[in-house]
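For reference, the structure is listed below as structure tokens.
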Amino acid sequence: MKLEAFNRLDAGAARDVVRPCVDIDRWVEALVAGRPYADRRALRETARTAAAPWTADEIDRALARHPRLGDRVRGTSAEASWSRSEQAGLGTTPGDTDTAAALAAGNRAYEERFSRVFLIRAAGRSAPEILAALEARLAHTEDEEIAVVADELRQIALLRLEGIIEP
């Protein structure tokens, strides 16, 4: 969607456009209220500012709709489509069941430790890179990890926003 078209939408339609980026009401409302934007840079700055900081409760509510990394994403929602696209590079090489098994085991350990799904900006990262990050993050304290999750969620939201709003 062109930025000019986004600027002209009624508030409800504008919310529907940006909510798939991240389902955090305060962030969505800030982007809608900030219209009209002169350019994508201004929109991105509003998005970045509104995401700093997100509370642990906001993050946990947003993650409740996020699929587990490596799971087959189902559904036709915008969020499902984004997740499929973002995780497309997670495929392991043929016969490399070790990495897939390690990711699955790491996901289970992470969920047991932090009571939320493991979230990482998968776009542009390989399965071994994600596995290394997952293993390192299992050593974090809750405070350290929630800060990392907030940053990863912010990166995902900004990438999705850039994919939705064209110049």
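Taking 30 Å as R0, compute the FRET efficiency from the Cβ-Cβ separation of Ala139 and Lys2 and round it to 0.05. Efficiency, rounded to the nearest 0.05: 0.10.
Taking neighbour counts of Cβ atoms within 10 Å as a proxy for exposure, in what order, fewest first, do Ser115, Ser126 appear? Lowest count first: Ser115, Ser126.
Every number in this text was worked out from the coordinates using simple rules, so none of it is lab data. Computed from a predicted structure; not experimentally measured. Heads up, the Cβs are rebuilt from the backbone with ideal geometry, glycines too, and the neighbour counts pull from every protein chain shown.
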